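A short worksheet on the structure shown next.
A short reminder: the numbers here are calculations on the coordinates, not readings from a lab. In this text the structure is predicted, and so the values were computed from the model without any measurement. Neighbour counts are summed over all protein chains in view; Cβ atoms, including those assigned to glycine, are modelled from backbone coordinates with ideal geometry.
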Amino acid sequence: MLFNSLTFVVFFIIILGLHNLPFSWRAKKTNLLIGSYLFYAAWNPPFVVLLWISTMVDWFVAKKIYTEERQARRRALLTLSILVNLGFLAFFKYGNFMLENWVSLMAMIGIEWHAPSWDIILPVGISFYTFQTMAYSLDIYLKRAKPAKSFLDFALFVTFFPQLVAGPIVRPTHLIPQFAKPHVASLKQLYWGISLMILGIFQKVVIADGLLAPASDAVFNAKEQVSFLDAWLGTLAFSGQIFSDFAGYSTTAIGVALTLGFSLPNNFRFPYAAIGFSDFWQRWHISLSSWLRDYLYIPLGGNRKGPGRTYVNLMLTMLIGGLWHGASWTFVVWGGLHGIYLAVERWVSGRYGKLPIARTKLFQVFLGIITYFLVNLTWVFFRAQDFPTAWRMITSMFGFAADGAKTPLPTIYIVEVTVTISLMVATHWMMRNTSVEAVAQKAPKWLLGFILAAMAFFITITQGSGDAFIYFQF
Amino acid sequence: MPSSTSSSEIPLRKIPDSQWSSIMIIALVVFLLSMLGWEIKARAMQHIPGTYSEVNNLEAMWAQERRKLDDPTNQTRLVLLGSSRMLWGADLNIMEQQFGTRPLQLAIAGTGPALMLKGIVDDTDFDGLILIGVTPFLFNRLDEGFLGAGALEWYEGVSPSKRSGFAIEQFLSDYFGFLDEGFKLFQLLDRYNTFTNREGSIPLEENDWKLGNAYADRQTDMWPPVEIVPSFDNTQITNFWMAGLRRPPETPERMAEMVTSSAEYFVPLIEKLRARGGDAVFIRMPDSGKYVEHVTKTNYRELTWQPMSEAFDAPAINCMDFPQLSTDLEIPEWSHLSRKSQDEWSRVIVPFVEKSYADKRGQTIYELMGIPQPQR
C-alpha cells in the first residue's frame with residue numbers, strides 16, 4: 001500500500017480509529033499487527049509469509065542465543081539467522097543478478113550457457129525488514145540487548161507498517177520498548193504527526209513526482225547523448241527527486257507513527273548542505289549508514305586496525321552499501337565512489353584538516369559546493385540503467401558532449417528544475433543546523449496553517465499517479 | 001546491557017509548542033476554500049463529475065468489463081472490439097435499442113483487437129456476435145499495442161491496493177470534477193504553458209491531452225472542447241496525430257506482410273468462434289482529414305483492406321464506402337466521432353451489419369445471437 005494512495009487514506013483512518021478506541025493495550029497492538037500485515041499484503045499477499053518466517057526464525061534464534069553459553073553454538077545460531085535472512089535477500093533480490101554474472105563469467109572462459117529465464121518478483125522493502133530483523137539477532141549475539149519479552153511486541157517490531165517497506169530502519173532497543181507500554185498520541189502529537197504526513201507526501205507527490213521526475217526521466221531515458229545543460233539539469237533533477245522521494249517517505253512514516261503515539265528516529269538532516277562526505281552520511285539515510293557502521297564497519301575492525309585496514313573497511317562497507325540498494329554493478333560503482341570520497345576525505349583531513357584556512361566560513365562553503373558537485377556525479381550511476389548511459393551523462397556533464405547532442409528538456413521542465421533545486425539547496429543550507437520542529441515552533445500560527453493548507457491543496461490537485469516510492473525496490 | 005524492553009533509551013520526538021487547534025482550523029478552512037475554487041475552475045473548463053479518468057477507463061475499466069464474459073451467468077450476446085475509434089464510435093444505449101441487446105464494450109485505445117479476440121475465443125465460451133473495429137494499420141498490430149498490456153495486467157490481477165484505489169476513485173469521481181485525469185496540476189502546466197521550446201525537446205502534447213469522457217460500462221464520448229474546430233484542445237490532438245503521420249508511409253511490401261500475418265492470426269480464431277456458434281463482423285472505421293490523405297496515399301483500400309477482408313472470409317463493412325457512415329459525420333480531429341455523430345453512427349451502422357452478415361452467412365444476426373429481432 002502506498003502512502004500516496006486513496007487506499008492508504010481509508011486504511012489510516014480505520015487504524016487510527018481503532019487505536020483510539022478503549023481496547024486493551026494488547027488488543028490495540030494486535031490491531032496494529034494485523035493492520036501491518038494487511039498493509040504489506042496489499043501489494044502481493046503471498047509475500048507476507050516471508051515476514052512470518054523472518055519473524056519466527058529471529059524470535060526463536062535470538063532466545064536461544066541469549067540462553068546459550070557455548071560460543072560455537074551461539075555462532076551457529078547467529079549463522080542460521082543470517083542465512084535465513086540473507087538467503088531470502090539473495091534469492092529474491094540478487095538471484096537474477098548472480099545468474100547473469102555467472103553466465104557472463106562462463107562466457108568469458110569460453111563456456112556458452114544460456115540460463116533458463118528466472119522470473120523472480122522482488123518482495124517490496126525486503127532489504128529494509130531484513131536489516132531490521134538481523135539487527136535484533138546481532139544485538140543479542142553481541143550482548144548489546146536482551147530479547148523481547150513478548151512475541152507480539154517482537155512481531156510488531158518486524159512488521160510495524162509505517163516504516164516496514166522503506167525505513168527508517170529502526171533498532172530493536174528503540175521500538176520494542178515502545179510496544180511494551182501503552183502509547184496513544186496526545187492531541188499535539190496527533191496534529192504534528194498529521195503535519196509531518198502532509199509534508200512528507202508533499203515532498204513525494206508534488207516535488208519528486210510532479211516537479212522533478214519528468215525532467216530526470218526525459219534525460220536518463222534518452223537513447224542518445226544529451227547536451228551539457230540537459231545532462232546537468234537531469235542529474236540535478238534526480239538528486240532532488242531521490243531526496244524528496246525518500247525523505248518524503250521517512251517523514252510520512254515518522255508522522256504516521258507519531259499519530260499513533262510512537263516515536264521513530266530521523267532519517268535525513270538536510271543532506272545537500274553537507275560539508276564533506278562523512279557529514280553527508282550523517283545526514284543522508286541515517287538509519288542505514290548507522291546500521292552499516294554498527295553491524296559491518298565496526299565488526300570489521302573500523303579504524304582500530306591501522307590506517308590501511310581502515311580504508312579497506314571503509315571501501316568494503318560502502319561497496320556493500322551500494323549493492324544493498326540494488327542488484328546492479330551501477331549501484332556498486334555508486335557505493336564505490338562514496339567509499340573513495342570518504343577515504344580521500346579521511347586522508348586529506350588527517351593531513352590538512354588543522355590548517356587555519358580549513359575553518360574559515362568561505363572554505364566551508366567551498367567544501368559544501370564540492371561535496372554537492374561530487375554527490376551529483378554519484379547520482380548518475382545510481383539513476384542510469386546501464387554503464388553506457390552513465391558514461392554518456394558523465395562526458396556531457398564534463399563538457400564533452402558530441403556535436404548535435406540531444407536537448408530533450410522542454411522549457412517548462414527547465415524552469416521547474418531550476419527553481420525547485422535552487423529552493424531546495426537554499427533551504428538545506430538555511431536549515432543546516434536546525435530542525436523542522438524548531439522552525440515550526442517559531443512560526444506564527446496563521447503562517448503554519450497556511451503552509452499546511454497549501455501543501456495539502458497541491459497534493460490534492462496534483463493527484464499523484466500512484467507512483468511507487470523509489471526506495472521500495474531496495 | 002540495554003534491554004529490548006527497557007524504555008530508557010528512546011529519544012522521544014520534540015513536538016513544536018504551538019497552538020495546534022487554531023493552526024489546524026486555519027489549515028482546514030484555507031484548504032477547503034482552495035478546493036472549492038479548484039472544483040469551480042474544473043467544471044468551468046468542462047471537467048465534470050460523473051466521468052471516469054481515461055487511463056482507468058482504458059485499462060482498469062476494460063478489465064472490469066472483460067471479466068463479465070467470464071461470469072457463467074452473463075447474458076452478453078454482442079461484443080465490441082477494436083481500438084479507440086470503436087470506443088468513441090459506439091453509443092451503447094442506442095446500440096442496445098437498435099440491436100435488442102446491450103453490447104459489451106471491449107475496444108481499447110491505441111491497440112489492435114488481436115489479443116483481445118484471442119482471449120475471448122480461447123478462454124471463454126462466448127458464442128454471440130463480435131463487431132471488430134478496423135483502424136488502418138493499427139488493426140494489423142498483433143501485439144498488446146499502447147494500452148493493451150496495462151489492460152491485460154488489470155484483467156489478470158493487479159495488487160489489492162490498486163484494485164481498492166480504483167474503486168475509491170470511481171466512487172469519488174461521481175462527485176468531483178477536479179479528479180478528472182485531464183485536470184491534474186502538472187498535466188495542465190504541460191498543456192497550457194506558453195513557453196517556446198528548444199528544437200528537439202520532447203513534445204509534451206504527446207502525453208498531455210484529453211480526448212474523451214468515460215462513463216459506466218465504458219460508454220465513452222468525445223470531450224466537448226475537442227469537438228470545436230479549431231480549438232486549442234482539438235489542435236493538441238491533431239498535433240499528436242501528425243507526429244505519427246510524419247513517419248514514412250507503409251510500403252506495398254509491408255502491407256502485403258500485414259495482410260498475410262493478420263490472416264494467419266485471425267482466420268483460425270474466426271473458425272474456432274464459428275465452430276461453437278459465434279461469429280464476427282469486421283468494420284473499417286471512418287476517418288477524415290489527414291488520415292484520409294494517408295490511407296489514400298498508401299492505397300490502403302486496395303493493398304490492405306480488400307485482400308485482408310477476402311482472406312478473413314467474414315462479413316466486412318467499409319464505412320468509407322458509405323457517406324452516412326463516414327463523410328456525413330463529424331470527425332473533428334480526423335479520427336474519432338463527435339458525440340452527435342456517435343449517436344448517428346450507432347443507429348445507422350445496424351442495418352449495414354444485418355445486411356452484410358445475412359449476405360455472407362445466409363442467416364440473420366438475431367438467429368446467431370439467439371435473440372428476437374427488435375421492432376424499429
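Tabulated data for the structure shown
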{"quantity": "For region A:2-40 versus region B:300-360, the gap between their alpha-carbon centres in whole angstrom", "calculated": "55 Å"}
{"quantity": "Shielding by other protein chains, B:194-204, mean Cβ within 10 Å", "calculated": "6"}
{"quantity": "Inter-part distance where region B:209-226 and region B:161-186 are each reduced to a Cα centre, Å", "calculated": "15 Å"}
{"quantity": "Sum of side-chain charges, residue A:140 neighbourhood, beta-carbon under 11 Å (Lys, Arg +1; Asp, Glu -1)", "calculated": "+3"}
{"quantity": "Degrees separating the helix B:252-275 axis from the principal Cα axis of chain B, which is the longest one", "calculated": "90 degrees"}
{"quantity": "Sequence ranges B:123-133, A:165-175, A:367-377, ranked by mean other-Cβ count within 10 angstrom, highest first", "calculated": "A:165-175, B:123-133, A:367-377"}
{"quantity": "Simple Cβ-charge dipole of chain B, Lys/Arg +1 and Asp/Glu -1, about Cα centre, in debye nearest 20", "calculated": "380 debye"}
{"quantity": "Packing rank of B:42-50, B:158-166, A:14-22, where each peptide gets the mean count of other beta carbons within 10 Å, highest leading", "calculated": "B:158-166, B:42-50, A:14-22"}
{"quantity": "Residue (of A:387, A:426, A:347) at the positive-pole extreme of region A:340-474, dipole from beta-carbon charges", "calculated": "A:347"}
{"quantity": "Pairwise centroid distance, computed over Cα atoms, of region A:220-236 with region A:96-130, Å", "calculated": "30 Å"}
{"quantity": "Degrees separating the helix B:20-44 axis from the principal Cα axis of chain B, which is the longest one", "calculated": "20 degrees"}
{"quantity": "Share, in percent, of DSSP beta bridges within the protein assembly as shown that are antiparallel, nearest 5", "calculated": "20 percent"}
{"quantity": "Average beta carbon contacts from partner chains per residue of A:147-158, 10 Å cutoff", "calculated": "1"}
{"quantity": "Within 10 Å of each Cβ in B:181-190, the average number of Cβ atoms from other chains", "calculated": "5"}
{"quantity": "Computed [θ] at 222 nm, deg cm²/dmol, the protein assembly as shown (DSSP H ≥ 4; -39,500 (n - 2.57); rounded to nearest 500)", "calculated": "-18500 deg cm²/dmol"}
{"quantity": "Total formal charge among the other residues, if their Cβ is under 13 angstrom from that of residue B:363, Lys/Arg +1 and Asp/Glu -1", "calculated": "0"}
{"quantity": "Cα long-axis angle, helix B:114-123 against chain B (0 to 90 degrees, to the nearest 10)", "calculated": "90 degrees"}
{"quantity": "Sum of side-chain charges, residue A:432 neighbourhood, beta-carbon under 13 Å (Lys, Arg +1; Asp, Glu -1)", "calculated": "+2"}
{"quantity": "Set A:223/A:406; A:442/B:14; A:204/A:445; A:28/A:149; B:68/B:340; A:143/A:181 screened for pairs whose C-alpha atoms are more than 19 Å apart", "calculated": "A:204/A:445; B:68/B:340; A:143/A:181"}
{"quantity": "Protection-proxy order for peptides B:25-37, A:204-216, A:334-346, each taking the mean of Cβ atoms within 10 Å per residue, highest first", "calculated": "A:204-216, A:334-346, B:25-37"}
